[in-house]
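The values are calculated or read from the model by the stated rules, or taken from the named source; none is laboratory data. Source: prediction; values computed, not measured. All Cβ positions, even for glycine, are placed from backbone atoms using ideal geometry, and neighbour counts span all protein chains on display.
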Amino acid sequence: MTLIDQPTETREGEALDPAAVDRFMKQQLPELEGEPVIRQYPGGASNLTYQIDYGERSFVLRRPPFGHKAKSAHDMLREARIMRALKPVYPYVPDIIAICDDHDVLGDEFYVMERLKGIILRQDFPEGFELSEQDTRKLCGNVVDKLVDLHRVDYQAAGLDQIGKGAGYVKRQIDGWSDRFRKARTEDVSDFEPVMEWLQEKMPEDVATCVIHNDFRFDNVVLNPDNPFEVIGILDWEMATLGDPLMDLGNSLAYWVQADDDQFFHMLRRQPTHRPGMMSRDEVVAYYMERSGFHADNFDFYEVYGLFRLAGIVQQIYYRYYHGQTQDKRFAGFGQAANYLEQRCKRLIEKSTL
């Protein structure tokens with residue numbers, strides 16, 4: 001049982017009012033008894049995730065960060081409604097228990113979902129979790145299969161027509177992230193202009209429109225503790241939308257640090273994709289294309305895009321640190337990380353045959 005992902009104590013300044021939580025939960029589920037035990041999951045730099053326990057019954061509450069937030073960011077209600085609509089056709093989505101848009105309850109909107117008791121693979125395998133090279137390969141394929149399954153969902157039949165703009169996604173992403181990067185750039189970070197120019201020049205048409213996750217990584221995948229090859233849940237649907245499936249894959253590969261990557265990239269690693277038996281990025285692309293039926297003669301554009309988007313995310317966080325809007329020391333090296341990601345993009349561009 002120790003392998004099951006567990007929360008820790010609530011961080012200072014991020015505590016929930018237990019009486020308010022208790023009132024809300026018992027309005028939704030009158031059979032609950034006793035007082036709630038509230039703990040917080042340590043992961044994530046964005047939305048806040050808590051575990052609410054009533055004896056043996058466990059729930060997960062998701063809410064935006066405290067304080068000021070951008071109008072379009074941290075839309076908990078949208079995330080919950082997407083999950084609720086997806087659940088009948090994509091069973092790996094946790095059940096939504098309740099959605100609350102009344103800010104008087106906890107100071108912001110939030111939702112409550114079932115807790116999936118399972119193993120989550122973060123930077124490294126948890127202590128006591130060991131797989132052979134062959135079994136690691138099997139697990140890797142099973143996880144990529146879940147991305148393929150998502151991209152096969154009939155979004156129109158599922159009633160998800162309105163979650164994104166659909167066609168034209170590739171251009172919107174390149175234009176949008178270029179604009180966001182320029183606005184977030186600090187003087188100690190390179191301007192990325194050659195990378196943005198290349199992406200504009202090499203931009204393909206959308207290969208398809210489907211439901212995409214936009215943050216598909218091992219640390220958003222829940223594994224069955226009794227059968228770690230079985231994926232029982234996919235988490236963090238905040239950025240899900242309608243878009244190009246190969247762009248979704250490119251986003252995932254930006255986090256896919258493999259064994260032969262350089263030391264700096266390994267310092268950025270957030271998932272155990274370096275383990276013996278894990279597919280390389282090229283193998284993931286080939287496996288995905290064979291399983292999905294989607295195809296690109298050359299994947300370089302999508303790989304460069306994924307790294308550039310990641311640099312944009314990193315730089316937006318670093319901008320806040322650089323200008324003293326946060327004192328979180330975790331972000332002190334994010335400018336250096338953005339510069340490194342530009343070098344990765346440039347190396348890919350130099351070798352590209354596009």
Going through segment 324-341 in order, the residues found to be in a loop (DSSP other than H, G, I, E, B) and at pLDDT 95 or above are 332, 333
Residue that is among the hydroxyl-bearing types (Ser, Thr, Tyr) and either under 22 Å from the mean Cα position of the chain (by Cα) or crowded, with 22+ Cβ neighbours inside 10 Å (or both), where the choices are 318, 322: 318
Please determine whether any residue of segment 72-80 is at pLDDT 95 or above, crowded, with 17+ Cβ neighbours inside 10 Å and in contact with a helix residue (DSSP H, G or I) (Cβ under 9 Å, 6 or more places away or on another chain). no
Residue count, segment 244-279, condition within 19 Å of the chain's Cα centre (by Cα) and on the phi > 0 side of the Ramachandran plot, comes to 0
Within the group 207, 170, 231, which residue is assigned to a strand (DSSP E or B), in contact with a helix residue (DSSP H, G or I) (Cβ under 8 Å, 6 or more places away or on another chain) and within 30 Å of residue 154 (Cα to Cα)? 231
Would you confirm, using the coordinates I've provided, whether residue 191 is modelled with pLDDT of 95 or more and closer than 25 Å to residue 300 by Cβ? yes
Is segment 322-333 home to any residue that is in the same structural domain as residue 283 (by TED's automatic domain parsing) and within 13 Å of residue 190 (Cα to Cα)? no
So, residue 145, is that one without any contact (Cβ under 8 Å) to a residue 12 or more places away in the chain, part of a helix (DSSP H, G or I) and over 21 Å from residue 79 (Cβ atoms) or not? no
Boolean, residue 209 is more than 22 Å from residue 255 (Cα to Cα), at pLDDT 95 or above and in contact with a Leu (Cβ under 8 Å, 6 or more places away or on another chain): yes
Just checking, how many residues over segment 212-228 are touching a residue at least 12 places away in the same chain (Cβ under 8 Å) and outside any strand (DSSP E or B)? 9
Which listed residue is touching a residue at least 12 places away in the same chain (Cβ under 8 Å) and more than 24 Å from residue 277 (Cβ to Cβ), from 236, 179: 236
Could you check how many residues of segment 249-291 are over 23 Å from residue 131 (Cβ atoms), touching a Gly at 6+ places or on another chain (Cβ under 8 Å) and in a loop (DSSP other than H, G, I, E, B)? 1
Pairs only if they're at least six apart or on different chains, beta carbon under 7 angstrom, first in segment 11-34 and among the aliphatic types (A, V, I, L, M), second part of a loop (DSSP other than H, G, I, E, B) and surrounded by 10 or more Cβ atoms within 10 Å (Cβ to Cβ); list them, first residue then second. 21/36; 25/32; 25/36
Which one of these is part of a loop (DSSP other than H, G, I, E, B), of a type outside the set (D, E, K, R) and either in contact (Cβ under 8 Å) with a residue 60 or more places away in the chain or closer than 28 Å to residue 138 by Cα (or both): 294, 308, 301? 294
